[in-house]
Amino acid sequence: MELSSALLLADDAVYRRTREGQRELVSESFRLSASERRFLSAFTGHTALRVLLDLGLHSSDAGQAISRLVELGMIELVE
């Protein structure tokens, strides 16, 4: 299922790591950019995207990083 950019970057969007994402944090086997790795480590399934951005998780390519992590199956939106 492909998600729209508006949904991916909604202020109230909450992401959690999948099993694959958790494995990646431990093994660092996949070549993620520094930005992608920061986002991956920040997504715990409890904090809205806007709060994380306000707390300093800044990235000029946030949309691209989040989209790629979703595509790779490393994070998912919490419903």
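The values are calculated or read from the model by the stated rules, or taken from the named source; none is laboratory data. Just so it is clear, the structure is predicted and the values come from calculations on it, not from any experiment. Backbone-built Cβ (ideal geometry, glycine too); neighbour counts: all protein chains shown.
Some values worked out for this structure:
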{"item": "Hits in the range 1-24 - residues which are of a type in the set (A, V, I, L, M) and more than 19 Å from L49 (Cα to Cα)", "result": "M1"}
{"item": "Test: residue in the range 67-79 that is in contact with a His (Cβ under 9 Å, 6 or more places away or on another chain) and part of a loop (DSSP other than H, G, I, E, B)", "result": "yes"}
{"item": "Residue selected from the range 48-79 under the condition small (G, A, S) and under 12 Å from L8 (Cα atoms), by the criterion modelled with the highest pLDDT", "result": "A48"}
{"item": "Top-ranked residue of the range 8-42 - restricted to ones that are of a type in the set (D, E) and within 14 Å of G73 (Cα to Cα), ranked as surrounded by the fewest Cβ atoms within 10 Å (Cβ to Cβ)", "result": "E20"}
{"item": "G45 on the phi > 0 side of the Ramachandran plot, modelled with pLDDT of 85 or more and surrounded by fewer than 14 Cβ atoms within 10 Å (Cβ to Cβ)", "result": "yes"}
{"item": "Condition broken by S5, with the remaining ones in (1) free of Cβ contacts under 8 Å to residues at least 60 places away in the same chain; (2) exposed (fewer than 13 other Cβ atoms within 10 Å of the Cβ) satisfied", "result": "(1)"}
